Amino acid sequence: MDADLARAWVAAVATSVTEHAAELTDLDAAIGDGDHGVNLRRGFDAVVVALAGFEADTAGAVLTKTGTTLVSKVGGASGPLYGSLFRALGKSLPGEVDAVAFGDGLRAGLDAIVRLGKAAPGDKTMVDALTPAVDAFAAAAPAGFAAAARAASAAAAEGATATTPLQARKGRASYLGERSAGHQDPGATSTALVFAALAAVADA
Ligand code: ADP
Ligand code: MG
Ligand code: MG
């Protein structure tokens with residue numbers, strides 16, 4: 001991944017979040033406060049503006065800027081969490097980024113989210129989509145970047161679907177207790193969009 005591919009990825013996430021804003025907000029209305037689509041849209045719109053005026057030669061610089069912008073522009077839980085993911089990913093990337101280095105960066109991003117949010121797999125959060133995505137990316141990295149991104153996207157989508165029967169143990173949805181079961185987690189759903197966007201730009 002180079003700086004142009006990083007920019008294309010973030011732009012594709014912004015487009016996807018806009019297209020799916022209503023769906024994300026509906027999911028969050030069921031088990032949270034109904035703002036997840038709005039939060040991410042505001043955040044990634046701000047990222048697109050910030051990156052337009054930002055000169056960067058490396059994917060790492062682009063993704064670090066993405067993370068710091070998300071942290072500063074999104075009020076909800078998802079802003080600091082996604083911000084930490086992109087910032088840790090960006091900071092961990094070397095100048096030249098192959099699939100293995102990117103997989104290591106994703107692992108650093110997952111670690112940052114877990115450090116901040118303390119969620120474990122099965123707690124019905126974005127971690128339930130991110131963990132299998134990071135594992136799948138690393139496992140498929142020897143087959144190349146595009147193959148790894150496709151594997152990660154499929155794993156994230158599966159992880160998001162698998163949150164439906166779970167009872168939330170972190171975030172606002174946990175306040176509902178047993179009533180949180182039966183709804184797909186909004187953050188896991190948006191994480192699947194993030195990896196679908198990565199697979200799309202990597203294949204282009
Ligand atoms: P808020 O809950 O502050 O309104 P959002 O609606 O934007 O923020 O994001 C909600 C999503 O954030 C949840 O669906 C869940 O995936 C994720 N989330 C919440 N708390 C945590 C946490 N502690 N660790 C990981 N993810 C979390
Ligand atoms: Mg919310
Ligand atoms: Mg909120």
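The values are calculated or read from the model by the stated rules, or taken from the named source; none is laboratory data. These numbers were taken from a predicted model, which means no experiment stands behind them. All Cβ positions, even for glycine, are placed from backbone atoms using ideal geometry, and neighbour counts span all protein chains on display.
Table for the structure above
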{"quantity": "Only one of Leu106, Leu70 that is within 16 Å of ligand 3 (Cβ to nearest atom), farther than 21 Å from Ala30 by Cβ and in contact with a Phe, Trp or Tyr (Cβ under 6 Å, 6 or more places away or on another chain)", "calculated": "Leu70"}
{"quantity": "Counted residues, segment 38-85 - those being touching a residue at least 24 places away in the same chain (Cβ under 8 Å), of a type outside the set (S, T, N, Q), farther than 20 Å from Asp104 by Cα and in a helix (DSSP H, G or I)", "calculated": "14"}
{"quantity": "Filtered residues of segment 43-62 (kept if within 16 Å of ligand 3 (Cβ to nearest atom) and surrounded by fewer than 19 Cβ atoms within 10 Å (Cβ to Cβ))", "calculated": "none"}
{"quantity": "Hey, Thr163 of a type outside the set (A, V, I, L, M), touching a residue at least 24 places away in the same chain (Cβ under 8 Å) and not in a helix (DSSP H, G or I) or not", "calculated": "yes"}
{"quantity": "Complete set of residues in segment 22-58 that are small (Gly, Ala, Ser) and touching a Leu at 6+ places or on another chain (Cβ under 6 Å)", "calculated": "Gly37, Gly43"}
{"quantity": "Selection status of Asp35, of a type in the set (Asp, Glu) and under 15 Å from the mean Cα position of the chain (by Cα)", "calculated": "no"}
{"quantity": "Pairs where the first residue, in segment 113-130, is modelled with pLDDT under 95 and the second is more than 7 Å from ligand 1 (Cβ to nearest atom) and of a type in the set (Val, Ile, Thr), C-beta under 9 Å, 6+ apart", "calculated": "none"}
{"quantity": "Output for segment 128-183, where each listed residue is of a type in the set (Lys, Arg), more than 29 Å from Gly32 (Cα to Cα) and surrounded by fewer than 21 Cβ atoms within 10 Å (Cβ to Cβ)", "calculated": "none"}
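One line per residue, one yes/no per condition, for (1) more than 16 Å from ligand 1 (Cβ to nearest atom); (2) within 27 Å of Gly144 (Cβ to Cβ); (3) small (Gly, Ala, Ser):
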{"position": "Glu19", "(1), (2), (3)": "yes, no, no"}
{"position": "Gly43", "(1), (2), (3)": "no, no, yes"}
{"position": "Val48", "(1), (2), (3)": "yes, no, no"}
{"position": "Gly53", "(1), (2), (3)": "yes, no, yes"}
{"position": "Gly60", "(1), (2), (3)": "yes, yes, yes"}
{"position": "Thr64", "(1), (2), (3)": "yes, yes, no"}
{"position": "Thr69", "(1), (2), (3)": "no, no, no"}
